Amino acid sequence: MSVVSTEINNEIAVITIDNPPVNALSHAVREGVSRALQDVGAKDGVRAIILCCAGRTFCAGADISEFGKPPKSPTLPELMEQMDHITIPLIAAIHGTALGGGFELALCCHYRILEAAAKVGLPEVNLGLIPGAGGTQRLPRLIGVSQALDMIISGKPVSAEKALSLKIADRISQNTLEQDALAFAEEIIKDYRPIRRISALDVKADPIFFENFGKKIASKTRGFLAPIAAIEAVKAATTQSFEEGLKVERTEFIKLVEGPQSKAQRHLFFAEREAAKVPGIDKNTAVLDIRQVAIIGGGIMGCGIAVNFLNKLLPVTLLEISPEACETARQKITEIYGSSVKKGRITEDQKDKMLAQLTLTCAYHDISDADLVIEAVFENMDVKKQVFEKLDSVAKPTAILATNTSFLDLNEMASAISRPQNVIGLHFFSPAHIMPLLEIIRTDHTSDEVLATALKLAKMIGKTAVVSGVCYGFIANRMSSCYGREAGLLLLEGAGVEQVDRVLYDFGMPMGMFTMLDMAGIDIGVMARENISPENYDQRAFAIHAALVKAGYKGQKTGAGFYTYDGQQKTANPMVNELAQKFAEEFQIIRRPISDQEIEERCIFALINEGYKIVEEGIALRASDVDVVFTAAFGFPRYRGGPLFYAEQIGFDYVVRKINEFAKTHGDRWWRPSKLLINMAAK
Ligand code: 3H9
């Protein structure tokens, strides 16, 4: 069956693209649209053409899986050029989302009608790209450079309403898109409305605007090449002819599509979608209906978790130990919503509706109707087991009993109750209402039904889900512990706090290890380690942390930690160096100057090695899942594709060689290379 079909009725041709699931502009689609336009143009009597899509959405852009392969004619730019010469009014009828090349296709049309719920956008930056089919030249001509750059650099789609106000949309369909598009076409014919080529419009801007725009986005887009290229291409729209501007766009696009950043970001695009696929779980697996959620514990984590469900207007009952604690939790949640209103993310009315779904209680019997209970109490096995035993006695038989533990043995927790098949880990990351990752931990007992429900739930609340098996720290914290361990040991060996942080920041992490610990509170990790067997971590690496906390230096909240804080000013805390010398002596570590390269490789290769062990042991289903976890949970630079993808880019053999060197110097307790990594290097 052809992916493009044409129907002509009363002077109006309707060209429909039907390429499930998202009408990506694959070669077959481009060829089909090109031929359909030629055929329609050759027919007498056609006075308007509607371009629309079947299925759930308008085109989601170029077919990403075709990047990196030899281009096949007609390419998207060739198709767009053909469209720019069409002399019959062309109308794009948009439902769902018109993204990337899909939106660029619509910009080649002379008129656009959008369904009220439709969105349009240029998300290419998320793939390390810029729009490559005229988007950087046409959009500024249509809406001005400032708005166009905002859309291109944020990658965020805009609503139909906004599109109308920006004059991207000519009309919003209030009823059926198909009928409204036909009526619009009839109107255009009747009124002899002219064709309107965006390419023929003029756009101007002061060159200083681009310089200032670059400065404005510099810290947010640090390390990414695509935003810089986007500014160049949009600038060309204001200084050169349309055709010359297209050439600039093309050159920048090709550089990016062939470069390492886009490869890495495309890897993550597919990895994030792959992560939600679990062998044995498919659309035939039964899922439970989740209508009521209960959260045990109203700390920062419990409140953040609650917000995810309240946002979707799901009733949430939050259980705390006292009316005072309930009140504090309510205040925390109200504050989160207050800040969302302030930032313009939601309206006051939406806030009220969401908060109206929240109930607080101190009584377990009040949560007996919950379909899903998530405990977010203190990270201690005995405390968690007590909560589970309680839940076992009050929760309804089908209720999913979830824990937000970051480290503890879920098999042990599940075994403590009469329905271990209902137990699952739902590990959110702080702040839980913002961080995109949900690590789903499947125990030896978790039923397929419970797992399938958790995966569906993650999608519903807008989280990227990754399934992990049970091990100490699961995927995320097991890896992050190794990263933190090396940073801690490097201090003892002679590196400075600022040096370690600078190297990690320059690598692309959102902040250095010690800045992060100061922000989060050093005491949290110190307290967590009190419940962890010393077999599972290197006590030497965290000795400074414990000593700082003992001295009252817990990080930013106490005015000092690894750094001391004076307003905005932060300076390395001299006590850290003294402690490093003291502990180095105690642990017989010889202090020496440490190079930036060693810092980067010790921290990042520790992540890589542990990541491959996690895959080797079957804790992660696939290497790309590990990449998804570390980018989504800890801000590993997306333009490097995640630690395991990065290992492939720099060469598995190099990584293995360095790990073997580290093992020789530092012992093989932590530096035993993963067998899987060795195999990859051998290949
Ligand atoms: C571009 O356009 C460049 C041009 O400027 C210039 C070119 C010269 N291609 O996300 P979902 C697959 S760059 C290929 O789960 P949803 C996806 O992998 C492109 N495949 O659905 C998945 O496959 P599977 C700019 C694609 O409903 C399936 O479709 N455009 C593409 O949650 C369902 O996807 C973008 O960046 C694609 N373009 O969300 C938009 N898109 O089932 C990218 C999706 O095997 N797409 N697939 O795992 C999206 O943002 C979302 O898919 C969308 C639907 C919002 C459309």
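The values are calculated or read from the model by the stated rules, or taken from the named source; none is laboratory data. Just so it is clear, the model here is predicted, and its values are computed rather than measured. Here the Cβ positions follow ideal geometry from the backbone for every residue, glycine too, while neighbour counts run over all protein chains shown. Only protein heavy atoms, including side chains, enter the accessible area calculation; ligands, DNA and RNA are left aside. Shrake-Rupley method; radii C 1.70, N 1.55, O 1.52, S 1.80 Å.
Can you tell me which residues in region 44-62 are of a type outside the set (Val, Ile, Thr), outside any loop (DSSP other than H, G, I, E, B) and either within 9 Å of the ligand (Cβ to nearest atom) or within 30 Å of Leu127 (Cβ to Cβ) (or both)?
Leu51, Cys52, Cys53, Ala62
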Next item on the list: Go through region 401-432 and give me each residue that's outside any loop (DSSP other than H, G, I, E, B) and in contact with a Leu (Cβ under 8 Å, 6 or more places away or on another chain).
Entry: Leu401, Ala402, Thr403, Asn422, Val423, Ile424, Gly425, Leu426, His427, Phe428
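Just to verify a result, which residue in region 590-647, among those that are part of a loop (DSSP other than H, G, I, E, B) and in contact with a Phe, Trp or Tyr (Cβ under 8 Å, 6 or more places away or on another chain), is farthest from His427 (Cα to Cα)?
Only one residue tops the list, namely Pro637.
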Note to self: Please go through region 216-263 and give me each residue that is open to solvent by 30 Å² or more (accessible area, probe 1.4 Å), assigned to a helix (DSSP H, G or I) and among the charged types (D, E, K, R), ordered by number.
What the structure shows: Lys216, Glu232, Lys235, Glu243, Glu244, Lys247, Arg250, Glu252, Lys255, Glu258, Lys263
Checklist line | Qualifying residues in region 87-105 (those that are open to solvent by less than 10 Å² (accessible area, probe 1.4 Å) and within 12 Å of the ligand (Cβ to nearest atom)) - the one nearest to Lys43 (Cα to Cα) | finding: Leu105
Notebook entry, point to check: Yes or no: Asp566 open to solvent by less than 80 Å² (accessible area, probe 1.4 Å) and either of a type in the set (D, E, K, R) or in contact with a Leu (Cβ under 6 Å, 6 or more places away or on another chain) (or both)?
Noted result: no
Check: Restricting the first residue to region 49-65 and requiring it to be in the same structural domain as Leu25 (by TED's automatic domain parsing) and under 9 Å from Asn23 (Cα atoms), which pairs with a second residue that is of a type in the set (S, T, N, Q) and open to solvent by 30 Å² or more (accessible area, probe 1.4 Å) meet a Cβ separation below 7 Å and a spacing of at least six or different chains?
Finding: Cys53/Thr16; Ala54/Thr16; Thr57/Thr97; Phe58/Thr97; Ala60/Thr97
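Matching residues to (1) surrounded by fewer than 20 Cβ atoms within 10 Å (Cβ to Cβ); (2) at pLDDT 95 or above; (3) farther than 26 Å from Asp506 by Cβ; (4) not assigned by TED's automatic domain parsing to the domain that holds Glu379:
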position: His545; (1), (2), (3), (4): no, yes, no, yes
position: Gln556; (1), (2), (3), (4): yes, no, no, yes
position: Pro574; (1), (2), (3), (4): yes, yes, no, yes
position: Glu601; (1), (2), (3), (4): no, yes, no, yes
Notebook entry, point to check: Thr6 fails exactly one of the following numbered conditions: (1) assigned to a loop (DSSP other than H, G, I, E, B); (2) more than 11 Å from the ligand (Cβ to nearest atom); (3) touching a helix residue (DSSP H, G or I) at 6+ places or on another chain (Cβ under 7 Å); (4) of a type outside the set (Lys, Arg). What is the number of that condition?
Noted result: (1)
Checklist line | Members of region 533-557 that are polar (S, T, N, Q) and in contact with a strand residue (DSSP E or B) (Cβ under 8 Å, 6 or more places away or on another chain) | finding: Gln556
Item checked: Ile88 over 34 Å from the mean Cα position of the chain (by Cα), within 19 Å of Val3 (Cβ to Cβ) and touching a residue at least 60 places away in the same chain (Cβ under 8 Å) -> no
Check: Taking region 106-124 as the region of interest, how many residues are closer than 16 Å to Gln137 by Cα, more than 16 Å from the ligand (Cβ to nearest atom) and touching a helix residue (DSSP H, G or I) at 6+ places or on another chain (Cβ under 6 Å)?
Finding: 0
Next item on the list: Within region 72-86, track down each residue that is open to solvent by 30 Å² or more (accessible area, probe 1.4 Å) and more than 8 Å from the ligand (Cβ to nearest atom).
Entry: Lys72, Ser73, Glu78, Glu81, Gln82, His85
Check: How many residues are open to solvent by 10 Å² or more (accessible area, probe 1.4 Å) and either of a type in the set (A, V, I, L, M) or assigned to a helix (DSSP H, G or I) (or both) when one looks only at region 470-481?
Finding: 5
Next item on the list: Look at Gln147 and say whether it is under 24 Å from the mean Cα position of the chain (by Cα), open to solvent by 30 Å² or more (accessible area, probe 1.4 Å) and more than 21 Å from Ala181 (Cβ to Cβ).
Entry: yes
Notebook entry, point to check: When you go through (1) in contact (Cβ under 8 Å) with a residue 60 or more places away in the chain; (2) within 21 Å of Pro71 (Cα to Cα) one by one for Ile12, which number turns out not to apply?
Noted result: (2)
Notebook entry, point to check: In this structure, is Lys43 touching a His at 6+ places or on another chain (Cβ under 7 Å) and open to solvent by 20 Å² or more (accessible area, probe 1.4 Å)?
Noted result: no
Check: How do the pairs read when you match residues in region 266-283 that are over 28 Å from Arg640 (Cβ atoms) with residues anywhere that are near the ligand (Cβ under 8 Å from one of its atoms) and part of a helix (DSSP H, G or I), using Cβ under 7 Å and keeping only pairs 6 or more apart or on different chains?
Finding: none
Item checked: Inter-residue pairs, beta-carbon under 6 Å, first at pLDDT 95 or above and in region 242-265, second more than 13 Å from the ligand (Cβ to nearest atom) and of a type in the set (Gly, Ala, Ser), 6+ apart -> Phe242/Ser199; Gly245/Ala236; Gly245/Ala237; Val248/Ala236; Ala264/Gly641
Checklist line | Selection from region 185-214 of residues that are surrounded by 18 or more Cβ atoms within 10 Å (Cβ to Cβ) and over 39 Å from the mean Cα position of the chain (by Cα) | finding: Ala185, Ile188
Next item on the list: Could you grab the pairs with beta carbons closer than 6 Å, sequence gap of 6+ or different chains, first residue in region 189-212 and closer than 19 Å to Gly245 by Cα and touching a residue at least 60 places away in the same chain (Cβ under 8 Å), second one among the small types (Gly, Ala, Ser) and surrounded by 15 or more Cβ atoms within 10 Å (Cβ to Cβ)?
Entry: Val203/Ala237
Next item on the list: Please tell me if Leu129 is in a loop (DSSP other than H, G, I, E, B), within 15 Å of the ligand (Cβ to nearest atom) and in contact (Cβ under 8 Å) with a residue 60 or more places away in the chain.
Entry: yes
